[in-house]
Amino acid sequence: MFGYDPFVQAIVDTSGDEFLLTGSSKAKIRASNRICVGEEQTTGTQITLTNKNGSMGPDTVVFQERALTSDFGLTLAVYDGFVNKPSALTNPYQSSFSCETGNCTFQIFDSLAVCSRCVNVSDHIRREQVPKEGTTYTRYTLPYDLEILNWDGAKQPENPYPVVPIESLINRQLYGDTDQPSAAASSSPNQTVVKVIANRSESISFANFTTTFVVFRIIQSTPEFVKNLSPWNTTFPLAMECGLSFCVNRYESNVSKGILHESIINSWVEWSHPSLLPQDQILESNITTKKQREKWMHSFNHTLGSPVASEPHGKLWDFPRSDLLLATHPNLDPGDHDPGATTVSNHLPYFNITQVTIASTIDWFTHVLAPEPLMYPATADTGNGSPVAGAIAKSTNLSTTFDNVARSMTAWIRENEGVWVTESSTKKWVFRFRIRWPFVTVPVAVMVASALYLGLTIWQTRRNGVEPWKEDAFAAIAHGLDQESRAKIGQAERVGLRNEAAMGMKVRLRQGMYGEVELRDVGRKDDDERGTILNTHP
């Protein structure tokens, strides 16, 4: 068998190749060409605003107030992006897809997305010494009202994440009238402050990013201070601005062995000019001059929200507007169309984000997620603290953190606001079997030799006219009997009493005359000699 089996196993050789299927492909993947989430409802309240010094000019505008409700799923995606982290084995932000064969290549396609960008603005930080009652505090500030303050001798306590009484901390109302420090030396130091804004004019880096809807302004303590390696007054913190923007991503996607591999090969945020236009009849009835009407048609106030004022939570003070339009390709005007672009909207020249989507999302970020600057660690006045503030404070790479947020929101948009893209090439793995004939010779030769031996044995048995033993065990045992026992069996065979003679025979293994082992008939007598008794009856 050791010489036989290897040849049998080597007879069949297997291989495989991927072959393109035509006409029957059902591969598909999710992509989005329009975002329409959130809800609005007219409250019946009329809002009248007069702004003589602002960008609206002297006109008095009248709005019908609308109540806003943000989309719960999209807001959960934001939290999920701050908390979950992709690993080498899992990707929590993967889009849905279908590929029956497990090997598919999708055509390059475009989809609406959320993009992130973080800019280091640490060179804009200014340091200020604040003395009080013989103790000195140091305040680090950024332009547009963002600051963080600690006692010069502040150190991280042994419990790294305490919730301590407000009386033992510096006064955290840094943005009100009472911003003077008053704390004991044992205070838990401020590590991170985060402010979320929707008006890009209040940021250093995002004033001209027209599709950015919120900016996170962050001052984050360095690891040297957090680990008590350097004092607060000489350790400049890190300052970052991270913006989230609506954008269009161009994807290259393929499925290999059932796993989706997706990469972004291009991304752009080009705003098309007919975007967010107020309804003409309402605009003309409110604003008299053409110049002021033109200003209302553009993002002149550096925000995708209402340009008039900061509305209360859940309210929209603005004209009803058209959708925000993003071009299908960089530098395209809305009337142009790139014939090479593959969109998911029957090759429309733009992608849409509704006004309600923008307004409700901004309202959630600025009034729910961070209505006030987020402080870390948490204190008695901030309750248990914000998980977002904790995630930002503990982040070692803010660009990666906000990229995860953008990817999480994008995955939700593609899944819930998307359509199926079916333009793809599907491949099927086809197995090939090849017979290696040289390896057949040995097994065939063994089988032929075995068949010949069996045939010759049958032929010789019939030629001699003897009875085949087959499975008869007695025939084999009989050849082990001594001469006298064989003679006894032979005599009984001649008279037809073989079985009777065998049933009455007891044999013992004994050593013969020449040292051989043989079976000797001992009859029914007791034999004191040592041996093994066998009953020979069938």
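The values are calculated or read from the model by the stated rules, or taken from the named source; none is laboratory data. Worth saying up front: this structure is predicted, and the values here are computed from it rather than measured. Reconstructed Cβ throughout: ideal geometry from the backbone, glycine too, with neighbour counts over all protein chains shown. With ligands, DNA and RNA removed, areas are computed over all heavy atoms of the protein, side chains included. Shrake-Rupley method; radii C 1.70, N 1.55, O 1.52, S 1.80 Å.
Details
- Elements of type strands (runs of 3 or more DSSP E) contained in segment 3-56, each with 2 or more residues being at pLDDT 85 or above and touching a strand residue (DSSP E or B) at 6+ places or on another chain (Cβ under 6 Å): 28-31, 39-50
Residues checked against (1) farther than 25 Å from Leu74 by Cβ; (2) in contact (Cβ under 8 Å) with a residue 24 or more places away in the chain; (3) in a loop (DSSP other than H, G, I, E, B); (4) open to solvent by less than 40 Å² (accessible area, probe 1.4 Å):
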site	(1), (2), (3), (4)
Ile219	yes, yes, no, yes
Glu224	yes, no, no, no
Glu241	no, yes, no, yes
Leu244	no, yes, no, yes
Val248	no, yes, no, yes
His261	yes, no, no, no
Ser267	no, yes, no, no
Leu276	no, yes, yes, yes
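- Residue identified as within 30 Å of the chain's Cα centre (by Cα), hydroxyl-bearing (Ser, Thr, Tyr) and either more than 19 Å from Val114 (Cα to Cα) or modelled with pLDDT under 80 (or both) among Thr366, Thr342, Thr357, Thr361: Thr342
- Number of the exception - Ser408 against (1) touching an Asp or Glu at 6+ places or on another chain (Cβ under 7 Å); (2) modelled with pLDDT of 80 or more; (3) surrounded by fewer than 16 Cβ atoms within 10 Å (Cβ to Cβ): (3)
- Where strands (runs of 3 or more DSSP E) sit wholly within segment 64-162, those with at least 2 residues that are over 17 Å from Phe402 (Cβ atoms) and modelled with pLDDT of 90 or more occupy 109-120, 126-132, 135-142, 146-151.
- Scan segment 171-204 for residues that are open to solvent by 30 Å² or more (accessible area, probe 1.4 Å), in a loop (DSSP other than H, G, I, E, B) and either at pLDDT 50 or above or farther than 24 Å from Ala154 by Cβ (or both) and the total you get is 2.
- Which numbered condition Phe236 fails, given (1) out of contact with any Asp or Glu (no Cβ under 7 Å at 6 or more places or on another chain); (2) assigned to a loop (DSSP other than H, G, I, E, B); (3) within 22 Å of Thr400 (Cβ to Cβ); (4) at pLDDT 90 or above: (3)
- Scanning segment 394-405 for residues that are open to solvent by 20 Å² or more (accessible area, probe 1.4 Å) and touching a strand residue (DSSP E or B) at 6+ places or on another chain (Cβ under 7 Å) yields Ser399, Asp403.
- Residue check for Ser386: modelled with pLDDT under 90 and open to solvent by less than 50 Å² (accessible area, probe 1.4 Å): yes
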